Amino acid sequence: MVQRPRGTRDFTPKVMARRLAFEQLLEERARRHGFSRIQTPIFESLDLFTAKSGPGIVSQLYAFEDKSERPLTLRPELTAPVMRMIAEEGMQMLQKPLRLSYYGQCYRYEESKKGRYREFFQYGVELVGESGPLAEAEVIALAIDMLDACGLENWEIRIGHVGILKGALTGLGLSADTPEGANEPPVASAMRFLDKGDDAGLAKLFTDNGINPDNTAPLRALADLEGGIETLGPAREILTSLEGVSLEALDDLQTTLEAVAALAPTPPSLAVDLTVARGLDYYTGMVFEVKVPELGGEGQVLGGGSYKLLHLFGLPDLDPSCGFGLGFDRVLLALEAQAEASGRSEVVPGETDPKGLVAFIPFGIDVAGVLPIVASLRAAGERIELELRGRKIPKAMKWANSIGCQFTVVIGPRDLENGQAMVKSLVSGEQQAVGLNADALAAAIQAMR
RNA sequence: GCUGUGAUGGUGUAGGGGUUAGCACGGCAGAUUGUGGUUCUGCCAGCCCGAGUUCGAUUCUCGGUCACGGCCCCA
């Protein structure tokens, strides 16, 4: 028995119905916000990702060479391919901003666990060609709208702005450039110390760079701030108290948050957190992430922000852009867990088809004669499953019931003689004889719904 | 990268160095030759892979594979 490769999954019809409903729901929200779907290849040139994330990333990729020894890789994420597409397809000729959405599988070679697969699915959006607080608010609002629409509960969105801490640090005189021989700029080191709670390390860094280590305390206070939009008040006080520090990023964040409050439903929990750094140096402005606590260690279900990547493709004028990626599998896991906990049978809104299946059961007759009726009913939009095994009536009824049909249409010799068919609702048990033609059958089914 | 637990029909499980490997759901068939959801009967279908220990391994040991957790990391 050959097994499925590690970290991959098969999706059975029932699971797939749910996934399709979820994708459709996300797609619908994206459309309402003006985003249009695009698609890029499953594999790309290896360079695309090393250019974005450095050579160290290769160990986590499904990289390979094709028969012409071109270095390729299965895509580990979708932002870089989208940026590549914008440059390659000449999309810079289009009216700005571009509002793009995408969905597809990505591949990372890493330990598979629950909520973490080697083949995983991401839904995401990018808003390209306009930046600033309002553009950022539009992106956050879509993220919130999506999570709200899918019925997810108990999630937390944390919003920050890398420019605030970075601005404070550079304002104090810390360099944002990587010195000769070092592997990261002092500012990045400082951000890490703040994130890890290493105040001693931060103080030493300040001293080493000729900055008064007394500045550690206010920065710590800034990093530890947590709460809603009201947190910006204390943040403003701290920043004002520091020499040479600009308030621009803070003002931007405030504008963004106010716009989000107006544009999106109120999330279950929204926190301002200036240490949301996402660890990536191409994030330049607002950054945000969403966690679902009950998922545990793999609880982050969405992350995004403003970033500068298009300069890598010769389009520096389009930087920065703003977008997010939504962990499709993780959100589904959370929804499934929550549905289970609350006894809800529908996990994703709309996953069950309201237009139920109709079992079409020819019995003891020449099937060919009634096939045109099947075709017509399908053309009329009914979902018809034709009984193919020649089951006798009791078996056929049981079959129809067990596959979840709402109706049966039985046509036996007697019916054929009388020019009729027996239509039965498996929900109500009601049954009636109906003229043997598609119009009459469709009308009867509709009337009995 | 570190580490813990587990693997028995399609699903959920019981058991255990020699068993007809038990039960439930499921599937197929019959009871029931034109009407489902109940019931009864029969049947189908299983010890993850490899090596070792042993007279004998599904059971014990080691390795592999896969899954599920806890850290680290996460474009």
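The values are calculated or read from the model by the stated rules, or taken from the named source; none is laboratory data. From a predicted model like this one, the values you see are computed outputs, not experimental measurements. Using ideal geometry, Cβ is built from the backbone for each residue, glycine included, and neighbour counts are taken over all protein chains shown.
If the condition is being outside any helix (DSSP H, G or I), crowded, with 22+ Cβ neighbours inside 10 Å and among the small types (Gly, Ala, Ser), then the stretch A:317-337 contributes A:SER321, A:GLY323, A:GLY327. Within the stretch A:5-20, one or more residues are among the polar types (S, T, N, Q), touching a residue at least 24 places away in the same chain (Cβ under 8 Å) and outside the structural domain of A:LEU142 (by TED's automatic domain parsing).
Residue-by-condition table, conditions (1) under 23 Å from A:GLY173 (Cα atoms); (2) in the same structural domain as A:THR178 (by TED's automatic domain parsing); (3) buried (at least 20 other Cβ atoms within 10 Å of the Cβ):
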residue	(1), (2), (3)
A:LEU222	yes, yes, yes
A:LEU247	yes, yes, no
A:LEU250	yes, yes, yes
A:GLN254	no, yes, no
A:ALA259	no, yes, no
A:PRO268	no, yes, no
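Go through the stretch A:224-245 and give me each residue that's touching a helix residue (DSSP H, G or I) at 6+ places or on another chain (Cβ under 7 Å) and either over 20 Å from A:LEU134 (Cβ atoms) or outside the structural domain of A:ILE157 (by TED's automatic domain parsing) (or both). Selection gives A:LEU225, A:ALA235, A:ARG236, A:ILE238, A:LEU239, A:SER241, A:LEU242, A:GLY244, A:VAL245. Here A:VAL290 fits the description: assigned by TED's automatic domain parsing to the domain that holds A:GLY325, within 16 Å of RNA strand B (Cβ to nearest atom) and either in a loop (DSSP other than H, G, I, E, B) or surrounded by 22 or more Cβ atoms within 10 Å (Cβ to Cβ) (or both). Among the residues making up the stretch A:119-140, those that are at pLDDT 95 or above, acidic (Asp, Glu) and in contact with a Ser or Thr (Cβ under 7 Å, 6 or more places away or on another chain) are A:GLU126, A:GLU136. Flag: A:GLU111 does not match the condition of being more than 11 Å from RNA strand B (Cβ to nearest atom), part of a loop (DSSP other than H, G, I, E, B) and over 15 Å from A:PHE328 (Cβ atoms). Screening A:ARG99 against (1) among the basic types (Lys, Arg); (2) more than 19 Å from A:LEU326 (Cβ to Cβ); (3) part of a strand (DSSP E or B) leaves a single unmet condition, (2). Identify all residues within the stretch A:177-210 that are part of a helix (DSSP H, G or I) and hydrophobic (A, V, I, L, M, F, W, C); write none if there are none. The answer is A:VAL187, A:ALA188, A:ALA190, A:MET191, A:PHE193, A:LEU194, A:ALA200, A:LEU202, A:ALA203, A:LEU205, A:PHE206. Of the residues making up the stretch A:30-51, those that are in contact with a Ser or Thr (Cβ under 9 Å, 6 or more places away or on another chain) and of a type in the set (Lys, Arg) are A:ARG31, A:ARG37. Confirm whether A:GLU340 is loosely packed, with under 13 Cβ neighbours inside 10 Å, over 30 Å from A:PHE121 (Cα atoms) and free of Cβ contacts under 8 Å to residues at least 40 places away in the same chain. So A:GLU340 does not fit the description; no.
Just one of the listed residues (A:LEU72, A:LEU98, A:LEU94) is surrounded by fewer than 17 Cβ atoms within 10 Å (Cβ to Cβ) and either within 16 Å of RNA strand B (Cβ to nearest atom) or more than 15 Å from the chain's Cα centre (by Cα) (or both), and it is A:LEU94. Residues that are under 13 Å from A:THR256 (Cβ atoms) and not in a helix (DSSP H, G or I) within the stretch A:131-158 comprise A:SER131, A:GLY132, A:ILE157, listed in sequence order.
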